[in-house]
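Below is one structure, written out as structure tokens, with a few remarks after it.
The values are calculated or read from the model by the stated rules, or taken from the named source; none is laboratory data. Small disclaimer: the values here were computed from a predicted structure and weren't measured. Cβ atoms come from the backbone with ideal geometry, glycine included; neighbour counts cover every protein chain shown. Calculation scope for accessible area: heavy atoms of the full protein, side chains included, ligands and nucleic acids excluded. Shrake-Rupley method; radii C 1.70, N 1.55, O 1.52, S 1.80 Å.
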Amino acid sequence: MSRFRSLWQASVNATKKALTWELEEWVPPVEKRIFKFNSKEDLKTWHLYSDSEYGGLSSASLEIKDGGNGSDCIGVFSGNLSTDMSEGSKWNINRSGFCGMRSKKFDGFIDLEGYDSIALRLRGDGRCYISTIYTENWMNSPGQAEDNSWQAFVFAPKGNWYTAKVPLTRYLPTWKGNVIDADMEMNPGRVVGMSLSVNAQGGGFIGAKSGAGDFLVEIDWVKAVRMP
């Protein structure tokens with residue numbers, strides 16, 4: 001092979017390799033893990049909230065437990081939903097009976113461009129939970145600290161592990177828990193946090209458990225996935 005042909009072939013090979021790298025960078029993996037519950041350190045990623053901040057009587061906890069049978073650890077989000085209010089409460093809220101676990105803000109944001117669904121591996125109590133995605137604020141109140149929130153229902157069947165896959169298109173824009181009646185699209189490239197919550201009113205799936213009382217859902221992981 002002549003020297004010129006050798007140089008030409010080397011150039012072609014280098015170009016093919018560069019294009020392959022660019023293609024791999026452009027097309028994300030089929031799935032992207034966002035949260036896992038491997039140890040108590042992972043609990044520091046989350047903080048709990050409930051109506052107790054406003055005079056309600058609901059309570060919640062988030063713990064790590066062994067998955068059993070040699071499997072990895074799992075997170076357990078549990079508590080009690082109460083629709084009562086404490087006596088003499090100075091707060092006047094429209095409804096009580098809610099609890100949630102919200103991730104602390106990511107260091108910057110995570111980019112979910114290229115993915116079309118959020119997948120959660122759960123084992124629940126037959127209740128319907130609310131999955132929330134928080135994105136950088138540009139829509140609700142520009143200049144304010146609030147993030148934009150997008151919510152969708154997730155059913156957690158009782159007894160068996162279940163992988164719920166929620167298309168990003170099913171997440172609706174909300175403001176203080178109410179759906180915004182407007183034609184808006186999420187920016188999946190600027191996700192700053194997520195949460196999972198539950199309320200006594202239930203809703204979302206016919207036959208799902210609702211009302212005051214105990215709740216419990218086990219969480220293995222949360223991922224972004226690209227459906228075939």
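Write out, first by first residue and then by second, each pair whose Cβ atoms fall under 6 Å of each other, whose residues are 6+ apart or on separate chains, and whose first residue, in segment 112-124, is in contact (Cβ under 8 Å) with a residue 40 or more places away in the chain and farther than 14 Å from Pro228 by Cα while the second is part of a loop (DSSP other than H, G, I, E, B) and open to solvent by 10 Å² or more (accessible area, probe 1.4 Å). These pairs meet every condition: Arg123/Trp161.
Here segment 44-55 is the region considered, the condition is being touching a Phe, Trp or Tyr at 6+ places or on another chain (Cβ under 8 Å) and open to solvent by less than 40 Å² (accessible area, probe 1.4 Å), and the residue that is nearest to Gly75 (Cα to Cα) is Ser50. Looking at the structure I just gave you, is Gly126 open to solvent by 70 Å² or more (accessible area, probe 1.4 Å) and either over 14 Å from the mean Cα position of the chain (by Cα) or of a type in the set (Asp, Glu) (or both)? So Gly126 fails the test.
Scanning segment 154-180 for residues that are open to solvent by 40 Å² or more (accessible area, probe 1.4 Å), farther than 22 Å from Pro228 by Cα and of a type in the set (S, T, N, Q) yields a count of 2. Against the list (1) part of a helix (DSSP H, G or I); (2) at pLDDT below 90, the condition Ser71 fails is (1). Elements of the type strands (runs of 3 or more DSSP E) sitting completely within segment 136-228 and holding at least 3 residues that are modelled with pLDDT of 85 or more and touching an Asp or Glu at 6+ places or on another chain (Cβ under 7 Å): these cover 213-225.
Where the second residue is open to solvent by 20 Å² or more (accessible area, probe 1.4 Å) and basic (Lys, Arg) and the first is over 18 Å from Arg95 (Cβ atoms) and lies in segment 208-219, which pairs have Cβ atoms under 6 Å and are six or more apart or on separate chains? Pairs that qualify, where the first residue is over 18 Å from Arg95 (Cβ atoms) and the partner is open to solvent by 20 Å² or more (accessible area, probe 1.4 Å) and basic (Lys, Arg), are Glu218/Arg123. For segment 190-207, state whether one or more residues are of a type in the set (S, T, N, Q), under 24 Å from Pro29 (Cβ atoms) and either crowded, with 19+ Cβ neighbours inside 10 Å or in contact with a helix residue (DSSP H, G or I) (Cβ under 8 Å, 6 or more places away or on another chain) (or both). The answer is no, given that none of the residues of segment 190-207 is of a type in the set (S, T, N, Q), under 24 Å from Pro29 (Cβ atoms) and either crowded, with 19+ Cβ neighbours inside 10 Å or in contact with a helix residue (DSSP H, G or I) (Cβ under 8 Å, 6 or more places away or on another chain) (or both).
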